[in-house]
Amino acid sequence: MDIVLCYSILEKCKSIDVFSGNKEAVQMVWRIRQHRMVLSERLMEFYEKYFEKKGQGWLEWYQGLCTDVFYTTERSQILDSERGQEYIKENPYHNELIRLCRKTEDKIILLEPKRKIDKNIIKKLDIGVFDSKDVMDVSGNNAFSMYTLPVNGKSISEGEDSKAISKWLGRFLQEENYIQIFDNYLLTKEGIAYLKNYILRYVQDGAQINIYSCLNDSDLNEQQVKQIFQEDYYKKWMFSIWLVKSKKDSHARSIEGSKYIIQIDRGLSVFGRSGKTFQTVINIFQNNGMQRTILKESQLSKLIG
């Protein structure tokens, strides 16, 4: 995501030495660095004036932090400094934060404390303002932490918007060119509909997709599954489908890629019915080179691929 940071959040990152510093600050820097920092020449002037006024050592620290940690090609984007609309006339600094924020897709500002920007302005402009507590939340309970890993135990309630959950997961899926899906109930009419309507729409064309599932002959048999995946729609991807001989050999329901691992307690059935979710819990982690889950040949029979 592209995010806009207030200097109040930057100064909370002051102790970043993992050996002698504040471990929470180290963690905060790591979580912020998963995203791209949006800047302007005008905003950087505000930063420098603020840290210069804080006293000896602060400006030097700020310049070092931003050079080494934040202001890299991958981690920052500098937008134009032209004077735009005045959202908060009495505070040019907050106005610049908002102006930049509204140029980004997710419209997120990290600010401490977040009440510094009036709630009515936040609501009117449809932006998100989050503080250090929100940054450190790992349960995916706000728009920042939903896209900051790890997401541990995000609760999905019954009756939420299925498309919104699909779009959230899609931000991770669209970066993958190889995924494995473990779900005993995927090879059903309903399960394949979930796959088509909520997952595949975000997977890049040409990606390798391996499915490990079971068959319920009262729903779909082997020939019917083969016919479905021979349809033109599915030819955009490379499918390999294995049947797990025994449910006791199957793994927890998950989508595992080269970059991310998404664990969904109730699998793709989270997408529910009539566009409304069923209740479940979702965890998302960076793969970090973990070995992909592999089942033994004796536990599988190949159906497609």
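The values are calculated or read from the model by the stated rules, or taken from the named source; none is laboratory data. Here the structure is a predicted model, which means the values were calculated and not measured. For neighbour counting, all protein chains shown are included, and Cβ atoms are generated from backbone atoms with ideal geometry for every residue, glycine included.
See the values below:
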quantity	calculated
Matching option when the condition is surrounded by 13 or more Cβ atoms within 10 Å (Cβ to Cβ) and either modelled with pLDDT of 95 or more or more than 20 Å from E158 (Cβ to Cβ) (or both), among S269, S274, S298	S269
Residue count for region 254-283, restricted to those that are part of a strand (DSSP E or B), over 13 Å from S166 (Cβ atoms) and in contact (Cβ under 8 Å) with a residue 40 or more places away in the chain	7
Condition met for S250 (over 24 Å from the mean Cα position of the chain (by Cα), modelled with pLDDT of 95 or more and not acidic (D, E))	no
Test: residue in region 178-190 that is assigned to a strand (DSSP E or B), of a type in the set (S, T, Y) and either under 29 Å from E222 (Cα atoms) or at pLDDT below 95 (or both)	yes
Helices (runs of 4 or more DSSP H) contained in region 31-112 and holding at least 2 residues among the acidic types (D, E)	41-53
Within region 43-56, tally of residues that are surrounded by fewer than 19 Cβ atoms within 10 Å (Cβ to Cβ) and either touching a residue at least 24 places away in the same chain (Cβ under 8 Å) or charged (D, E, K, R) (or both)	8
Selected residue (only one of K196, K123 is under 24 Å from K247 (Cβ atoms) and of a type in the set (K, R))	K196
Matching residues, region 117-144, being touching a residue at least 60 places away in the same chain (Cβ under 8 Å) and part of a helix (DSSP H, G or I)	S132, V135, M136
Hits in region 145-161 - residues which are charged (D, E, K, R) and in a loop (DSSP other than H, G, I, E, B)	E158, E160
Condition broken by W168, with the remaining ones in (1) in the same structural domain as S274 (by TED's automatic domain parsing); (2) outside any helix (DSSP H, G or I) satisfied	(2)
